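Contents: one structure, followed by commentary.
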Amino acid sequence: SVRDLVYNCDQIEKSTGKPFWTGTKRRPTEARWDPRDPPAEALEYLYATANCFAFTWKLAYVRNRARFAHLVVSLELQVPEWIPPSESKVDTEEDEGDKADPAAIEALKGELYGADTAQLQAMEAHDFEKDDDTNFHIDFLTIGTNLRAANYDIKASERSHVKVTAGRIIPALATTTAMICGLVDLEFMKLVLGLHKGEGPLDKFFNANINLATGLQAMNVFRPEPAIMRKTMLQPLKEFSTWDKVEIKGEIPLQALVEKLQKEYGADVVRLFPAGDDKISVFDKIDVEKLNWKIELSAGKVVIQPEAVYSAWPQLRTAAQMLGRLPDGPAKKNFEAQITAAANSLQRVKDTFKGRFEGPASQAYIAAARPSDEHKEKQDYFDRVQLKRKYVALQAHVNNKSGEDAELPVIRYSFKQ
């Protein structure tokens, strides 16, 4: 919304200390709304939009403007209460990354998958036609254009001008799209014929640039660039492209999967995680090392090995030191309780990891990647997808024999036939 845009850009201005609304960056003005006396431009937008939707839902048009205005006023439409966005960092144009909220996308997917399609009403396509002045198409384009222009104090466009402009754009889009789809389909046919598997596959495929404005020389055809090769730093597989995959077929334990990668590629597997999401760990080498960790308390003596244990439970260092200094009593029992609690916690970590490590790799993936019970919609969506899924894509963080960072292609782990 305009309010969000202004708020976010004002925050950028405050955080950077530099003026934001300068040069070509014009501060927008929010459109006015009064439910008792709707502004003419807002009423026109509702009139055109509602009648366009009426066609798609097979309802009768409301062409009488006075009647339509009465209906709008009777609905007492209110602008939703505006709440400032969160106080977290405001993204700027220079920020990289996906702007969509993954959680919102997953929630939307869950809603769509959960919808009862039997209850949906059939819609009718409203094909664009600029020369039919009764279908509200040009009316919608004109008022939409002018509302946006008003936000930025730009001169409004006449309906006739919008009609001519739309008449030029639609044929250009349709022509170019048809050409592109045809060219893409030709290349797909080559894939179906298996030409990519033969000798010199790049010589059998084409890339193309299309520029309809240049007339006879509108289309340039050339060979595609070879795939970019990445160095693995591993001897068995020295390089790979984004098209290459490590194929592993058949369900095997997670431990066997890790050992297979290490044996075939001479790599030390440090972590396994879902492709594209290194925040989730399906396997972590540190968990294997934890199987040999010790936290033991017997007859007032404590054994804690190795030193890395203290990184997970830093309070144990003080507890171990104080245990040998304090006489029997409440204080000593308190430190003993801390050590016992840490030992129980370590045992739970070992048991959980061992069960996952020795069990099917697909179940280890599910245990790591499945959303928690707090996100029920995302969890339901994950379960529905996983039920039909035959493989999962994994990535590995590996080291070579010299201890240097190495790289493997994406792992396609097919656990179902």
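The values are calculated or read from the model by the stated rules, or taken from the named source; none is laboratory data. If you're wondering where the values come from, they're calculated on a predicted model, not measured in any experiment. Using ideal geometry, Cβ is built from the backbone for each residue, glycine included, and neighbour counts are taken over all protein chains shown. All accessible areas refer to the heavy atoms of the entire protein, side chains included, with ligands and DNA or RNA removed. Shrake-Rupley method; radii C 1.70, N 1.55, O 1.52, S 1.80 Å.
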Legend entry - Pairs where the first residue, in the range 171-186, is under 13 Å from Ala218 (Cβ atoms) and the second is part of a helix (DSSP H, G or I), C-beta under 8 Å, 6+ apart: Ala172/Leu212; Thr175/Leu212; Thr176/Leu212
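Every residue, every condition in (1) hydroxyl-bearing (Ser, Thr, Tyr); (2) more than 33 Å from the chain's Cα centre (by Cα), yes or no:
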position: Ser1; (1), (2): yes, no
position: Val6; (1), (2): no, no
position: Asp10; (1), (2): no, no
position: Ser15; (1), (2): yes, no
position: Trp33; (1), (2): no, yes
position: Glu41; (1), (2): no, yes
position: Phe55; (1), (2): no, yes
Inset, instruction - Determine which single condition His161 fails, assuming it passes every other condition in (1) over 36 Å from the mean Cα position of the chain (by Cα); (2) loosely packed, with under 10 Cβ neighbours inside 10 Å; (3) outside any loop (DSSP other than H, G, I, E, B). - result: (2)
Legend entry - Check on Asp127, under 30 Å from Asn211 (Cβ atoms), of a type in the set (D, E, K, R) and open to solvent by 70 Å² or more (accessible area, probe 1.4 Å): yes
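Under 34 Å from the mean Cα position of the chain (by Cα) and in contact (Cβ under 8 Å) with a residue 24 or more places away in the chain, is that true of Ala50? Don't jump to the end; show me each part of the working.
Numbers: under 34 Å from the mean Cα position of the chain (by Cα): yes; in contact (Cβ under 8 Å) with a residue 24 or more places away in the chain: no.
Considered against the rule, which asks whether it is under 34 Å from the mean Cα position of the chain (by Cα) and in contact (Cβ under 8 Å) with a residue 24 or more places away in the chain, Ala50 comes out as no.
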Legend entry - Matching option when the condition is more than 27 Å from Arg230 (Cβ to Cβ), part of a strand (DSSP E or B) and open to solvent by 30 Å² or more (accessible area, probe 1.4 Å), among Val303, Val385, Val349: Val303
Inset, instruction - State whether one or more residues within the range 136-146 are outside any helix (DSSP H, G or I) and modelled with pLDDT of 80 or more. - result: yes
